[in-house]
Amino acid sequence: MAQAVFSEPPSDDVLNWIWGMFMEMGPLGDNSLRDLARIDLRKELAAITAPILSLHGTDDAFVPYSGAQAAVELAVNARLVTFEGCGHAPFLQDRDRYLTELQEFLKA
């Protein structure tokens, strides 16, 4: 599961760090992740009026890119920033751009 966070294999140190975070979740963390696959939040997402920034990798193995596109279309004030070739963690795979996009969003 830790390897699936990335579109390309990370260093062993990063992989072990991610694996450690999964292990720290405990058994209830697994339930929370499973619930994400079953809970339909489309109505709630459409009701959010605050600005939303979605930073999403095109090669995300957990949340398909099409899902990120659909979520942005449901929200009234959302913007999708695409990270080509990145997996579930663009903040690790393209850190500089991720931080730039986040800072610009927070300035607005």
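Starting from the coordinates of the alpha-carbon atoms of the chain, obtain the Kirkwood hydrodynamic radius over all distinct pairs and give the value in Å to one decimal. Walk me through the numbers on the way to the answer.
Details: mean 1/r = 0.0657 Å⁻¹.
When all Cα pairs of the chain are included, the Kirkwood radius is 15.2 Å.
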Candidates Ala47, Ala75, Ala89; GNM for the chain (alpha-carbon contacts under 10 Å) flags as most fluctuating Ala47
Of every hundred units of 1.4 Å-probe accessible area on the chain, the number belonging to carbon and sulfur atoms, as a percent, is 56 percent
For the chain, the dipole about the Cα centre with charges only on Cβ (Lys and Arg +1, Asp and Glu -1), to the nearest 20 debye, works out at 440 debye
In Å², rounded to a whole number, the accessible area per residue of the chain with probe 1.4 Å is 70 Å²
Distance in Å, no decimals, from the C-alpha centre of the stretch 1-45 to the one of the stretch 46-91 is 16 Å
Sorting Asn77, Met1, Phe22 by the position of each Cα along the dipole of the chain (Lys, Arg +1; Asp, Glu -1; all at Cβ), the one nearest the positive end of that ordering is Asn77
Under a Gaussian network model of the chain whose springs join Cα atoms within less than 10 Å, the largest fluctuation of Leu80, Leu28, Leu41 belongs to Leu28
Residue-normalised 222 nm signal for the chain, counting each DSSP H run of n ≥ 4 as -39,500 (n - 2.57), nearest 500 deg cm²/dmol, is -15500 deg cm²/dmol
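The values are calculated or read from the model by the stated rules, or taken from the named source; none is laboratory data. Everything numeric here is computed off the predicted structure, so don't read it as measured data. Cβ coordinates were reconstructed from backbone atoms using ideal geometry, including for glycine residues, and neighbour counts include every protein chain displayed. Ligands, DNA and RNA are stripped out before the accessible areas are found, and what is left, the full protein with its side chains, is counted by its heavy atoms. Shrake-Rupley method; radii C 1.70, N 1.55, O 1.52, S 1.80 Å.
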